[in-house]
Amino acid sequence: MNSDEPRAQIEKLRATIAHHDELYYRKAQPEITDVEYDRLKQSLATLESEFPEFASAGGESPTARVGDDRTEGFATYRHRERMMSLDNTYSETELREFYGRLAKLLGREELAFVVEPKIDGLAVSVTYEHGVFVRAVTRGNGVEGDDITVNALTIKSLPRTLRRGDDLFSEAPALIEIRGEIFMTTAEFQRINKLREEAAEPLYANPRNLAAGTVKQLDSREVAQRKLEIVLYGLGACEPASALPATQSGWHEQVRAWGLPTVEKYWLAKSPDEIWAAVQELDKVRGQFAYATDGAVVKLDSIPLQREAGATSKAPRWAMSYKFAPERAETRLNAITIQVGRTGVLTPVAELDPVRLAGSTVSRATLHNRDEIARKDIRLGDFVYVEKAGEIIPAVVEVNVKRRSPECAPYVFPEKCPVCGTPVVQLEGEVALRCPNYDCPVQVRRRVRHFASKACVDIEGLGEAMVDTLVEKGWARSVADIYRLRKDDLMTLGKSVEKSTDNLLAAIEASKHAELWRFIHGLGIMHVGAAASKDLAQKFRSLDALAEAKHEDFIAGKKTVIEGIGETMAQAIIEHFNDPRNRALVGELQSLGVRPAPPPERAAATSALFAGKTFVLTGTLPTMTREQATEKIEAAGGKVSGSVSKKTSYVLAGAEAGSKLAKAQSLGVPVIDEAEFSRMLAG
């Protein structure tokens with residue numbers, strides 16, 4: 001081998017791994033499966049061990065560090081105790097060797113272990129002080145992570161205070177970090193994807209990625225609309241350390257006694273055979289768990305022995321993750337079709353001979369993008385392996401090159417949109433290719449479907465089939481054309497359609513006065529969801545005003561003007577309306593009689609009693625609604641916020657007050673009831 005070849009291979013593998021780390025940890029949009037990623041890491045580790053003279057060049061190797069999930073927009077917080085990742089294996093032999101290696105290190109013939117489910121979610125550390133929840137932080141780089149406390153407070157299963165009792169430790173420690181995973185149930189994932197399908201938006205690939213992406217949303221209200229869950233099982237810092245059980249199994253019981261959501265089941269094992277039997281049993285029952293599991297975690301049961309065993313720079317020596325082999329099936333790739341999305345992105349889809357996989361018949365699978373087809377050298381006619389591996393949407397992960405025939409032809413990605421024939425483009429910083437034709441029929445159909453969907457202006461009767469018909473006939477070239485539809489034209493679509501036509505036209509007419517936020521959401525502005533649309537409606541009051549917005553309307557100095565709308569979203573809004581077609585659409589809608597209903601005006605202050613004061617409302621008040629309380633606060637010159645912070649003046653709490661009350665107590669914010677509030681108003 002040429003002396004430069006191993007260096008070049010090491011550098012190429014490092015760059016490839018860094019690319020996939022960015023997609024997985026920071027963007028929650030991985031292009032490859034865990035198995036493929038682990039193979040890359042193993043290949044790099046092998047090369048680095050064979051050629052140590054090159055292993056130290058170019059900085060720290062990806063094999064020696066924890067992945068970094070920190071992203072812009074979040075404050076970071078330093079863990080009291082490092083939050084490490086785990087060494088992993090797919091091999092029974094290596095799992096058995098792990099036992100022997102640890103027994104030798106500790107000088108013991110027999111050791112006790114705990115076998116736990118390996119949860120496929122986003123790693124998180126939650127902190128309780130004197131039994132009260134105060135903080136949630138992602139793993140980050142292991143030393144510090146993103147402070148996601150506000151988003152974690154939307155998780156209903158996360159207790160705000162630890163339950164106390166006499167069965168274990170009656171008093172909670174002064175401070176404790178408890179580690180676990182934030183995840184999304186399959187049912188919630190499917191609910192969200194169904195809504196996206198109705199709105200003609202791209203589907204999310206799997207619950208793990210959606211949960212990770214949701215946690216990193218800047219708007220906690222958007223997060224609350226997606227029902228995240230949490231499971232806690234690990235231990236970080238504890239003060240005093242004497243407040244801890246002596247074993248990992250005892251720790252699980254303590255977590256459960258505190259009322260925290262934890263793993264449904266774990267196994268005790270005292271030999272390699274018992275460990276392997278527990279792993280196999282877990283594989284049989286894991287489908288019953290609320291969370292997705294992709295393996296087993298084997299941990300030394302004794303916490304003192306864990307500390308004695310210590311850790312490497314990346315992972316503890318006393319634990320190992322065994323990953324289950326993903327479910328895969330082999331089948332023939334007959335063709336590759338291209339789907340064009342609402343924003344013009346071209347997505348290749350594999351058309352397969354039907355094959356059974358994970359309990360269902362699969363005939364189509366995603367190929368991600370052009371680069372992935374080239375990297376895997378996928379050719380038409382190949383026999384390919386398809387996996388789910390926790391994925392809801394199947395993916396082609398590998399080619400069986402041994403079965404490749406000479407007739408298998410390399411796939412040539414189209415240079416033109418397969419729908420309208422427009423040359424495709426690749427935007428700077430993007431992997432995807434796009435059709436730039438705003439009038440591409442597929443893009444038009446998806447934009448109109450999104451606009452008319454329940455999540456937007458909600459036009460009953462304007463479903464997928466009707467929208468497709470309108471676009472095919474040329475009656476709907478943009479969302480504005482919805483308001484140009486005529487009864488005479490619609491009556492030609494079939495027999496006995498007069499009633500349905502009248503109903504559709506009535507629904508279209510009623511939608512002209514839908515709430516402003518629904519129109520904003522319906523415009524399909526990049527990164528702007530329903531919650532952000534409501535904030536924009538409150539701020540700008542009309543489509544015209546939003547279309548004319550400048551950067552300083554969103555960002556003043558380094559501070560956001562509208563809570564939850566940061567630099568990325570602000571830039572997307574400005575760029576959207578800088579496009580003359582999008583700007584003209586606003587005028588068209590107005591000329592067609594569209595008059596969105598702005599949110600109710602906030603009452604003008606009639607006194608300065610609460611000037612400079614910020615209130616947060618939580619729970620049910622005895623005699624007044626939240627809206628009535630808000631009106632009274634604003635009339636007295638105060639402000640009402642949706643989240644508690646150190647700047648909050650008072651939390652007005654009623655019955656069944658939740659996370660906001662706990663947050664106020666942890667920050668020392670004054671909490672008042674309705675009686676006290678009334679006394680304050682009376683002066």
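The values are calculated or read from the model by the stated rules, or taken from the named source; none is laboratory data. Note that the coordinates shown come from a computational prediction; the quantities given were computed from them, not determined experimentally. Neighbour counts run over all protein chains shown; Cβ positions are idealised from the backbone, glycine included.
The one condition from (1) among the small types (Gly, Ala, Ser); (2) in a helix (DSSP H, G or I); (3) loosely packed, with under 13 Cβ neighbours inside 10 Å that residue 480 does not meet is (3).
Residue-wise test of (1) of a type in the set (A, V, I, L, M); (2) out of contact with any Lys or Arg (no Cβ under 6 Å at 6 or more places or on another chain); (3) surrounded by fewer than 17 Cβ atoms within 10 Å (Cβ to Cβ).
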| residue | (1), (2), (3) |
| --- | --- |
| 276 | no, yes, no |
| 280 | no, yes, yes |
| 299 | no, yes, no |
| 308 | no, yes, yes |
| 317 | no, yes, no |
| 345 | yes, no, no |
| 352 | yes, yes, no |
| 365 | yes, yes, no |
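Does region 382-391 contain any residue that is within 24 Å of residue 424 (Cα to Cα) and β-branched (Val, Ile, Thr)? Within region 382-391, not a single residue is within 24 Å of residue 424 (Cα to Cα) and β-branched (Val, Ile, Thr). Would you say residue 412 is out of contact with any Asp or Glu (no Cβ under 7 Å at 6 or more places or on another chain), assigned to a strand (DSSP E or B) and over 30 Å from residue 448 (Cβ atoms)? No; evaluated as a whole, the condition is false for this residue. Condition check for residue 178 on (1) at pLDDT below 90; (2) among the hydrophobic types (A, V, I, L, M, F, W, C); (3) not in a helix (DSSP H, G or I): one failure, at (1).
Quick check on this structure: which one of 356, 375 is more than 30 Å from residue 286 (Cα to Cα) and either surrounded by 19 or more Cβ atoms within 10 Å (Cβ to Cβ) or over 25 Å from the mean Cα position of the chain (by Cα) (or both)?
375
Yes/no per residue for (1) in the same structural domain as residue 359 (by TED's automatic domain parsing); (2) farther than 30 Å from residue 119 by Cβ:
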residue	(1), (2)
378	yes, yes
386	yes, no
397	yes, no
422	no, yes
426	no, yes
430	no, yes
433	no, yes
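Selection of region 1-26 for residues being out of contact with any Gly (no Cβ under 8 Å at 6 or more places or on another chain) and modelled with pLDDT under 70 yields 1, 2, 3, 4, 22, 23, 26.
The residue of region 431-448 that is surrounded by the fewest Cβ atoms within 10 Å (Cβ to Cβ), among those that are in a loop (DSSP other than H, G, I, E, B) and in contact (Cβ under 8 Å) with a residue 60 or more places away in the chain, is 436.
For region 625-658, a residue qualifies if it is out of contact with any strand residue (DSSP E or B) (no Cβ under 8 Å at 6 or more places or on another chain) and buried (at least 16 other Cβ atoms within 10 Å of the Cβ), and the qualifying residues are 631, 632, 635, 636, 637.
List pairs: first residue in region 38-54 and within 16 Å of residue 86 (Cα to Cα), second residue modelled with pLDDT of 75 or more and hydroxyl-bearing (Ser, Thr, Tyr) anywhere in the structure, Cβ distance under 8 angstrom, at least six positions apart or on different chains. Note: pairs meeting the criteria are 38/90. Restricting to region 224-259, and then to whatever is charged (D, E, K, R) and touching a residue at least 24 places away in the same chain (Cβ under 8 Å), can you tell me which residue is farthest from residue 137 (Cα to Cα)? Filtering first and then ranking leaves 253. Examine region 411-422 for a residue that is aromatic (Phe, Trp, Tyr) and in contact with a Gly (Cβ under 8 Å, 6 or more places away or on another chain), and state whether such a residue exists. No, every residue in region 411-422 fails to be aromatic (Phe, Trp, Tyr) and in contact with a Gly (Cβ under 8 Å, 6 or more places away or on another chain). For region 297-308, the criterion of being assigned to a strand (DSSP E or B), within 25 Å of residue 204 (Cβ to Cβ) and of a type outside the set (Ser, Thr, Tyr) is met by no residue. All of 552, 548, 563, 509 fail the test of being surrounded by fewer than 16 Cβ atoms within 10 Å (Cβ to Cβ), over 23 Å from residue 446 (Cβ atoms) and modelled with pLDDT under 85, apart from 563. Of all residues in region 583-621, those satisfying the criterion of being over 36 Å from the mean Cα position of the chain (by Cα), at pLDDT below 80 and surrounded by fewer than 14 Cβ atoms within 10 Å (Cβ to Cβ) are 603, 604, 606, 607, 608. Considering region 460-469, and only residues there that are surrounded by fewer than 23 Cβ atoms within 10 Å (Cβ to Cβ) and of a type outside the set (Asp, Glu), the residue that is farthest from residue 415 (Cα to Cα) turns out to be 461.
A search for C-beta distances below 7 Å between a residue of region 390-403 that is assigned to a strand (DSSP E or B) and any residue that is of a type in the set (Phe, Trp, Tyr) and at pLDDT 75 or above, counting only pairs 6+ apart in sequence or on different chains, returns 397/385; 398/385. Contact map, region 367-387: first residue part of a helix (DSSP H, G or I), second residue surrounded by fewer than 18 Cβ atoms within 10 Å (Cβ to Cβ) and modelled with pLDDT of 90 or more, Cβ cut-off under 8 Å, separation 6 or more or different chains; pairs are 370/413; 373/413.
The condition of being among the hydrophobic types (A, V, I, L, M, F, W, C), in contact with a Lys or Arg (Cβ under 8 Å, 6 or more places away or on another chain) and either outside any helix (DSSP H, G or I) or at pLDDT 90 or above (or both) does not hold for residue 420.
Out of 457, 467, one residue alone is modelled with pLDDT of 90 or more and touching a Gly at 6+ places or on another chain (Cβ under 7 Å). It is 457.
Please give the strands (runs of 3 or more DSSP E) falling wholly within region 33-146 in which 2 or more residues are touching a helix residue (DSSP H, G or I) at 6+ places or on another chain (Cβ under 9 Å) and either modelled with pLDDT of 75 or more or surrounded by fewer than 20 Cβ atoms within 10 Å (Cβ to Cβ) (or both). Those strands (runs of 3 or more DSSP E) span 113-119, 122-129, 132-138.
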